[in-house]
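What follows draws every value from the coordinates through simple rules; no lab data is involved. Just so it is clear, the model here is predicted, and its values are computed rather than measured. All Cβ positions, glycine included, derive from the backbone under ideal geometry; neighbour counts span all protein chains shown.
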Amino acid sequence: MSFKSLYNPTMSLLTFTGWSKHKHLFSSALSAFILFSFLLTSCEREKASFSLEERKETESTVRSTHGIDSLSLLQKRMEKEGNKLGSVITLREWGKALRNESRFDEALRVHNEGLQQAEGIGDTLEWVQALNNIGTDFRRLGMLDAAQEYHYNAWKMSEECTDTSFTAKKNRAVSLNGLGNIYMTLGNYTRADSVLRMALHGEQELHSLVGQAINYANLGYIFEHRGQTDSAWVYYRRSMVLNTEAGSDLGISLCHTYFGSLYEKAHQYDKATAEYETARKMMEASKDEWHSLNSLIALAGIYHITGNAEREMEYLDIAKQVAENIKSPEHLEKIYTLYYKHHKQTGDCHSALAFHEMATMMRDSILDMEKVNHIQNISLKIERNRQTKQMSEAQHRLEQERTMRYIGFAVSGLALLVLTGLLSMALYTNRLRRRNHQALKRMSALRENFFTNITHEFRTPLTMILALSHDLQSLDIAEVEDKARTIEQQGKELLTLINQLLDISKMKSAVGDADWQNGNIMAYLSMIVESYREYARSRNIDLQFFAKETVKMDFVPDYVNKVMNNLLSNAFKFTPEYGKVSVAVWREGENLFADVTDTGCSMDKETLCHVFDLFYQGEGDAKHIGTGVGLALVKQIIDAVKGTVTVESEEGKGTTFHICVPIYNEAGKQIAAAPVINTPLLPESETALVDSGSSESRFQLLVIEDNHNVAAYIGSQFADRYAVSYADNGKDGLEKALELVPDLIITDLMMPGLDGQEVCRQVRANEITDHIPIIVITAKITEEERIKGLEAGADVYLTKPFNADELHTRVEKLLDRYLRLRDKFSKNTDTHKDKNTQLTDAERRFLTKAVDFIYQLMDRRQLDVNTLAEKLCMSPRQFHRKLVTITGESPSSYMLKIKMKRACHLLETNPEMTIEEVADRCGFRHTPNFYSAFKRMYGITPMDYRRGVGI
């Protein structure tokens, strides 16, 4: 009993009787014809060229067709339409279907037709598969010499083929498996072991579960016949594991037969009988009569040993009828031998002698010495031919290499002389150019290094000044505190200057690439202006922002920050109390316009002419230009994006900077469009926000922000991947948090009514929402506020205008924690008890309480999702969202795992309890449902689990 036939169907071109009489003549003629036609077609045909997509599409069409008749009709249609590849693949699968139903004559005819068509189109992959299939057919019939020719030719083509696809490698492994099975049948276990291990290695490289299972079983069969029972057990069990993982009922059935054989050898006849019966039951519904014979013959044999003559004859009669129908001499030899033993035991000498002669005839037809010698001679001849061919090819290659080497030397020498002359001329001219270039490069490097080094030298003392001045402020002496504050202010101004100088240096020297993004520029500008809102209130300055429509375009966030911060800083610096600063943005055609206006002091005409010059400072009232670096940086940035910036100033009215930049939408890095209705973006406008995504989205985010434009921009960062909901104040935000139980909350700090800190406190105080991570985004932040926010329960603090990449990273890191928790919970129901799982105390308390209620309701036979949610003081939706967020499991799935855990405990510790009682104790009203759920989860039945089978 072996896996010798899983890859192979079988049949005969002759009747069983005719083949028995003329097998030697037929085998010799057929072998000669096979070898001649193979060599002839190998030389004449060219390889077919079908793309991987064509093969996959055709394979899919054929494999979706079920039934022998349907495959027959499909092949005729393919051939009529001229689809040669489709016809060959259909013939292959049609032959396999016939073989699986033991219609061997028809299968061999179909496979031979497939071989001819594969040769006709020169398709090597299908050609090799056809050779292996026909070799397998002859192996089933016991024509081992013909089978060896086919399998060897298939292996040879696979070895010589340069194709490294999955199918090509699979073909090689199948041909090796076929040769190994032939050696096993002949009893040459040493050679079979070598070949089968090569086949196993090939299947392991392909990660083929069924392929590995077949070869492990075959190797186990070899160990069994060598008497190495322990090794046989190891290989058979490994085969069973792989077959179970692959879901191969045939492989599982055969493994049960192998287990029974080992139990039989160990005289454990009860276990052997149980294994054989299991194998037989699994094969009852199968039309594969070849493999069903294994379990039938094994059962007949075990009942003969145990003295149950009635059951023995029952299975022998069935097996005899099947074996004669499919004309299998290999199985008939075993059946006739069992009949002989039975009649000999009962004293019927006449019948015993008759069956002994029939068994001997079958055995001789398979393994007569003439055939064995013929096969061995063919093997030696094949090996000699292969070695001779290799030596001839090596000699030919050597002669070619010598000839090419001589030619190469001559060509190389001539080329070397020519190149030497050309190089001598080029070196002289390049030497002069290199000297000039290096001189210019040294001068440029000295200038750039001086500029960069001196600015970096400023950073160190400035950092020390700022640190010391900060420490001095903590002293009680008023004069020291005042001076320290002055030092800190001046240090910050110097640091700003240095940073601006570095920005200009980077832009001029083209250091790095601009981080272009595509998104709603209006929302981004609104967020920047919003960051000055608190400062404007403290100065009693009216800050306004006007935008006529939503504009989506390419922009560099860092550039936008620097331009707007410089213009707004200048505007606030020189706008008096109760003055006004406004920003207006609009679109005209393919250009975006922006005006930054203030009501501060004006500039004279000369200053207006030089306002964007680096280090320029006006005189008198124009000293508001400052160091002359900020506006120069603005001009540099606008020029870099191919825009324009101008300024106008009128005494008594103030100053206005006009910016115009072209609108492009070509950036590869996209920011999702903000879920905003296109209404005017006014300072206190009621811009409508629309929740995006659905409950089926991967994660749910809640944005709490009273400024609708800022909320829209935040939401736009995640609307393409997550479901985003919005609330414009703290009270509504808390209500939505309880309703939705989102995966993450992003909230503003300064809001009317409930501020961000109070939102954090109430979210953390509620058992429904206490697990949700919170990110606080605010325009005003100090260390004291940060500490208070963290104490209130915030996980992250970000300052407006925030960096979009930083926000993305923070969100992903917080959500990633829950993904890891879900992965752990999906593997282990008790994950919250694992010390390595980083659950918060609140999450651990919630899960402990949930598990306690599950056990209570299970004991009362009242366990369902709604009742459990009610016990936890939650709605079913809230309970579902919270449990999925923490564990990745739905309530039903989580409760089922708890039930199964209790079932395992009861099965292990209460052997007196029936399965029905265990099912009832675990909350199952119907025992079949318990059986089904238990087997789905653990792969075995509750009864097998109690007996320790498969554990």
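Compute the FRET efficiency between residue 910 and residue 70 as 1/(1 + (r/R0)^6), taking r as their Cβ-Cβ distance and R0 = 60 Å, and round to the nearest 0.05.
In this case the efficiency is close to 0.70.
Which of the residue pairs 552/800; 56/170; 96/170; 56/281 have a Cα-Cα distance greater than 26 Å in the structure shown?
56/281
Ranked highest first by average number of other Cβ atoms within 10 Å, how do 127-134, 188-195 line up?
Highest-to-lowest ranking by the protection proxy: 127-134, 188-195.
Can you list residues from other chains, or at least 5 along the same chain, whose modelled amide H is less than 5 Å from the amide H of residue 544?
Sorted by chain and number, the residues that satisfy this are 581, 582, 583.
Using the number of other C-beta atoms within 10 angstrom as an exposure proxy, rank 601, 873, 922 with the fewest first.
The most exposed by this proxy come first: 873, 601, 922.
Within 10 Å, count the other beta carbons around each residue, average over each peptide in 880-888, 557-565, and list them highest first.
880-888, 557-565
Please report, to one decimal in angstroms, the Kirkwood hydrodynamic radius of region 835-950 built from all distinct Cα-Cα pairs.
Taking every pair of different Cα atoms in region 835-950, averaging 1/r and inverting gives 15.2 Å.
With a ≥ b ≥ c taken as the square roots of the eigenvalues of the C-alpha gyration tensor of region 691-770, please select rounded if a/c is under 1.5 and otherwise prolate if a/b is larger than b/c or oblate if it is not?
Because a/c hits 1.5 or more and a/b fails to exceed b/c, region 691-770 counts as oblate.
Sort all Cα-Cα distances of region 150-202 into consecutive 5 angstrom bins from zero, then give the percent of pairs in each bin up to the one containing the longest distance.
Pair shares across the bins are 4, 24, 29, 23, 12, 5, 2.
State which entries of 265/899; 548/573; 580/813; 731/813; 731/882 exceed 31 angstrom in Cα-Cα distance in the structure shown.
Beyond 31 Å between Cα atoms: 265/899; 580/813.
Ranked by Cβ crowding within 10 angstrom, fewest neighbours first, how are 304, 111 ordered?
In increasing order of surrounding Cβ atoms, one gets 304, 111.
So for region 700-821, what percent of the C-alpha to C-alpha distances run longer than 16 Å?
56
So which GluC sites (Glu not before Pro) in region 243-320 pass both tests, a DSSP loop state and at most 16 other Cβ atoms within 10 Å of the Cβ?
The qualifying sites are 284.
Provide the packing ranking of 861-869, 527-535, 409-417, i.e. peptides ordered by the mean count of other C-beta atoms within 10 Å per residue, highest first.
527-535, 861-869, 409-417
Using Cβ counts within 10 Å as a stand-in for footprinting exposure, how do 66, 356, 151 rank, fewest first?
66, 356, 151
Expressed in whole Å with the largest first, what are the equivalent ellipsoid semi-axes of region 186-254 derived from the C-alpha gyration tensor as the square root of 5 times each eigenvalue?
They are 20, 15, 9 Å, listed from largest to smallest.
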